[in-house]
Amino acid sequence: MMSRREGRRKVIIIMTRWATDDLAGRLIDDCKARGKRFRLLSYKARENGKMLCDEILTSEQYDGILNSDTSAEIVRANYDQEPVDIVGRLYSELKEYDEPPENVESVEAYFDTADQGDDFLCGLIYDVADCSAYTKDCLYTQLPMEQTEDMAAKMVTIHAVNICRIESNNGGRGWGRNVARIAREKYGNTKTRFQFFTQTKNKASRILTGSTGVMNRVYFPSGWALAWPDYYRDMYRYQRIGRNAHDDAQDATTGVYEFLPKKQAPRTPDKTAAKIMPW
């Protein structure tokens, strides 16, 4: 890797991309979140059948590398600048929005408490509009439950949440009852209706089958990479196949999608209906 500063305005970084959270990846995310201008130049060793530079690497040499024991992911990272974790990640792209929706039907929240000590509690607050979710706040933390109870109660009160859904698995019901009590007694919240439910479906299967729905119908505010860095990192780092360190962000986000109103398919005329004759 080489970097060079020209004056006080430009930084040039030359490096091979291995992971989305490497130095280049973090700078790209930061620029996007802050609205800063940047230029990304990425060259592949061979594109459209033409080598980038035959003096450095010929087509025959490149074919030899592709046919070797080196994994395809390593080759794409080393020669085509495609980070290894991009190839197999579950969410290829998550939608963003600049302005909140005008036709908000309700403000809702979804909380999933941590299963184990190193897991994250994940809570999302979002507007429901046009059968989609527009996230507006996020609580993603490893703090103990006694601290997150007050944080969650304050969040749902500030955002005037109509319905707050809480997974009752793994102590979630007790945590949720405390959140509801604190919201009512400390913050005077009589608007939010708390719903507790037990999630019985397989978590990995839910995350996988709901991934397309999450990408199509769950929106995130511009700048969410900077506002919720841990949540953003874990959402994009999750791999479709293989072991993942955490699945708390994906689990809660999938839950948001699952509770969205179902889109109605357009009605088509019944061509088999009998015609009304004029006599």
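The values are calculated or read from the model by the stated rules, or taken from the named source; none is laboratory data. Keep in mind it's a predicted model, so treat the numbers as computed, not measured. FYI the Cβ positions are ideal-geometry reconstructions off the backbone, even for glycines, and counts take in every protein chain you see.
Scanning the range 3-25 for residues that are at pLDDT 80 or above and either touching a helix residue (DSSP H, G or I) at 6+ places or on another chain (Cβ under 9 Å) or among the charged types (D, E, K, R) (or both) turns up 13, 15.
For the condition within 23 Å of residue 106 (Cα to Cα), of a type in the set (Asp, Glu), out of contact with any strand residue (DSSP E or B) (no Cβ under 6 Å at 6 or more places or on another chain) and in the same structural domain as residue 99 (by TED's automatic domain parsing), residue 130 qualifies.
The one condition from (1) under 12 Å from the mean Cα position of the chain (by Cα); (2) β-branched (Val, Ile, Thr); (3) over 17 Å from residue 111 (Cβ atoms) that residue 254 does not meet is (3).
Checking every residue in the range 24-40 against the condition of being over 25 Å from residue 227 (Cβ atoms) and of a type in the set (A, V, I, L, M) gives zero matches. If you check 89, 173 for being of a type in the set (D, E, K, R), under 23 Å from residue 33 (Cβ atoms), modelled with pLDDT under 95 and touching a strand residue (DSSP E or B) at 6+ places or on another chain (Cβ under 9 Å), only one passes: 89. So for the range 60-75 (the condition being part of a loop (DSSP other than H, G, I, E, B), under 27 Å from the mean Cα position of the chain (by Cα) and at pLDDT below 80), does at least one residue qualify? So far as the range 60-75 goes, no, none of its residues is part of a loop (DSSP other than H, G, I, E, B), under 27 Å from the mean Cα position of the chain (by Cα) and at pLDDT below 80. Counting only helices (runs of 4 or more DSSP H) that sit wholly inside the range 131-244, those with at least 2 residues that are β-branched (Val, Ile, Thr) and surrounded by 20 or more Cβ atoms within 10 Å (Cβ to Cβ) are 145-158. Taking the criterion of being assigned to a helix (DSSP H, G or I), out of contact with any Gly (no Cβ under 7 Å at 6 or more places or on another chain) and touching a residue at least 24 places away in the same chain (Cβ under 8 Å), the residues of the range 12-34 that qualify are 25, 29, 30, 32, 34.
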